[in-house]
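J.: Below you will find the structure I want to go over with you.
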Amino acid sequence: MSLITFAIFLLLIFSSYLCAFELDDEIITIQKAFEEIKDISGSFIQRSTLKDLKRTDIYKGRFYIKGEKFKWEYLGDRPQTVYVLEDKIIIYLKNDKQAFVSSVDSSPYRKSPLVLLKGLKDIKDDFHISKKDKTLVLKPKKTFDNVSRIEIILTQEKFPIKYLKIVDNLSNIIELDLRDIKINTGIKDKTFEFKPPEDVSLIKQ
């Protein structure tokens with residue numbers, strides 16, 4: 001083996017170890033952030049792309065998370081609010097004056113990227129993790145609600161995730177840009193209470 005070849009070999013080994021250490025640091029950063037977060041709120045832009053229909057829909061809104069409780073509000077011409085509580089999900093369609101109530105296990109909203117955020121606290125246990133450029137690529141170790149992979153872009157802010165991309169087994173894509181993040185502000189429990197107006201129909205699914 002020539003000196004040049006040996007030097008390249010050493011460089012490749014060193015680079016692989018460096019990447020491994022860097023990846024471990026980023027995983028620790030994510031897990032530590034989730035351990036320290038009691039509540040979190042912010043705004044989002046969601047892009048949902050359906051491969052077969054060749055269509056991308058864009059939504060904007062706000063979200064609130066506290067423990068096992070989630071609430072996110074889609075704004076715009078057809079506003080809706082989604083509540084994820086311990087055992088049920090409520091989808092309130094303001095314009096239609098309807099609210100759909102279902103169990104967490106049976107609702108497709110359990111796959112929402114905001115809900116999946118909570119699962120990242122156990123990131124190393126649940127996913128095979130690699131890095132591509134500045135993006136972490138997570139592939140579930142077990143079958144995970146038809147999710148093929150999750151891609152994450154990190155930031156140096158207190159909440160380390162600024163972008164989340166979920167690709168399912170049919171190549172449909174949900175992208176989520178998180179903005180104006182605030183953590184541990186003491187979100188009140190009443191934020192997650194759903195008190196429908198009298199003219200709203202409750203539909204159990």
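J.: Give Lys158, Lys142 a once-over and let me know the one that is at pLDDT below 80, assigned to a loop (DSSP other than H, G, I, E, B) and under 21 Å from Ser43 (Cβ atoms). Let's see the steps before the verdict.
T.: Values: Lys142 fails: under 21 Å from Ser43 (Cβ atoms).
After applying the criteria, what remains is Lys158.
J.: Kindly indicate whether any position in the range 107-117 is at pLDDT 70 or above and outside any loop (DSSP other than H, G, I, E, B). Don't jump to the end; show me each part of the working.
T.: Looking only at the range 107-117, we keep the residues that are at pLDDT 70 or above, and these are none.
Within the range 107-117 (the criterion being at pLDDT 70 or above and outside any loop (DSSP other than H, G, I, E, B)), the answer is no, since none of the residues qualifies.
J.: Does Ser102 satisfy the condition of being over 23 Å from Lys165 (Cβ atoms), part of a strand (DSSP E or B) and at pLDDT below 90?
T.: Values: over 23 Å from Lys165 (Cβ atoms): yes; part of a strand (DSSP E or B): yes; at pLDDT below 90: yes.
Against the criterion (over 23 Å from Lys165 (Cβ atoms), part of a strand (DSSP E or B) and at pLDDT below 90), Ser102 qualifies.
The values are calculated or read from the model by the stated rules, or taken from the named source; none is laboratory data. A quick note: this is a predicted structure, and the numbers were derived from the prediction, not measured. Every residue, glycine among them, receives a Cβ derived from its backbone with ideal geometry; neighbour counts consider all protein chains shown.
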